[in-house]
Amino acid sequence: MSERQTIPAGHGLALRLAAGDAVVVINTAGTHVVDTWAFRADLSAAMSMPISRVENGRLHPLIGEPFFDDEREPILIYEADTSPGVHDTIMAACDAARYRRLGAPPEHRSCVQNLLSSMAEIGAPIPQAPQPLNLFMNIPIHADGRLEQGVPLGAPMDQVTLRAVVDCIVAVSACPQDMTPINNGIIHDAHIVHLSSGADP
């Protein structure tokens with residue numbers, strides 16, 4: 001059984017997964033970043049990009065490899081990907097301070113706000129945002145160490161499947177960044193499908 005949900009442009013949502021369940025994160029417009037987090041169901045650990053980079057020895061896993069939590073245990077498997085496979089594990093989630101620095105109005109939404117509010121809405125409040133897995137984000141690393149904020153490289157309806165290793169909560173944000181190139185300057189809805197254990201994407 002599967003349920004497709006809309007992630008409204010500039011907003012987020014969180015959902016609970018049992019071990020073996022999967023989520024399919026869909027880049028509906030093809031040019032949109034989806035910040036993604038995972039937490040153990042009891043909130044005792046969160047998916048960690050720095051630890052995942054260490055344990056995998058790569059900027060992000062190969063298909064079939066896990067993302068790890070901050071206790072160095074697998075939490076999600078990077079199971080399938082129809083996009084070019086360009087994702088980011090380096091950049092912090094956008095927050096209110098980021099938009100102030102860019103000159104945005106105070107009411108501008110952020111991925112951190114989306115995460116915190118989405119977790120609270122399902123009764124799993126957290127005090128702060130870990131570094132996200134930035135699905136579909138294109139951050140070229142230049143020889144001089146410069147990080148470029150590029151436009152996503154995929155196509156409409158590209159999708160990534162992440163499978164839960166343990167009971168967990170996955171939270172996503174259809175990034176509201178409209179002041180840099182990372183969403184091609186325009187924010188869009190994205191979609192997510194929750195697949196119960198054994199279901200096909």
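Readers should treat all values here as calculations from the given coordinates under stated rules, not as data from a laboratory. Since this is a predicted model, take the numbers as computed values, not measurements. Cβ atoms come from the backbone with ideal geometry, glycine included; neighbour counts cover every protein chain shown.
With +1 on each Lys and Arg Cβ and -1 on each Asp and Glu Cβ, and nothing else charged, work out how big the dipole of the chain is about its Cα centre, in Debye to the nearest 20.
420 debye
Take every Cα-Cα distance within the chain, group them into 5 Å bins from 0 onward, and report for each bin the whole-number percent of pairs it holds.
Bin by bin from 0 Å, the calculated values are 1, 8, 17, 22, 23, 17, 9, 3, 1, 0.
Taking the alpha-carbon centroid of each part, what is the distance from the range 133-153 to the range 161-201 in angstrom?
One Cα centre to the other: 18 Å.
Of the listed peptides 108-115, 52-59, 85-92, what is their order by residue-averaged count of other C-beta atoms within 10 Å, with the highest listed first?
Working: 108-115: 23.9, 52-59: 15.5, 85-92: 18.2.
My ranking of the peptides, most packed first, is 108-115, 85-92, 52-59.
I'd like to know which of Y99, T6, V166 lies farthest towards the positive end of the charge dipole of the chain, counting +1 on Cβ of Lys and Arg and -1 on Cβ of Asp and Glu.
Result: Y99.
Label 7 Å along Cα→Cβ of M157; the range 65-96 residues with amide nitrogen under 14 Å?
82-83
Compare S44, S117, S83 in a GNM of the chain, Cα atoms joined below 10 Å, and give the one with the largest fluctuation.
S44
For every other residue with a beta carbon closer than 13 angstrom to the beta carbon of I169, add +1 if it is Lys or Arg and -1 if Asp or Glu, then tell me the sum. Intermediate values should be presented prior to the final figure.
Numbers: positive: R16, R40; negative: D21, D42, D69, E121, D167.
For residues surrounding I169, the net value is -3.
For L43 and A80 in one chain, what is 0.36 nm times their gap in residues minus the Cα-Cα distance, to one decimal in nm?
10.7 nm
So, in Å, what gap is there between the alpha-carbon centers of the range 5-29 and the range 75-109?
With the range 5-29 and the range 75-109 each reduced to a Cα centre, they are spaced 15 Å.
Could you work out the relative contact order of the range 43-201? I mean the mean sequence separation of Cα pairs under 8 Å and 6+ apart, divided by the number of residues, in percent.
Normalised by residue count, the contact order of the range 43-201 is 22 percent.
Can you compute the modelled spin-label distance between I51 and M179, with each label point 7 Å from Cα toward Cβ, in nm?
3.3 nm
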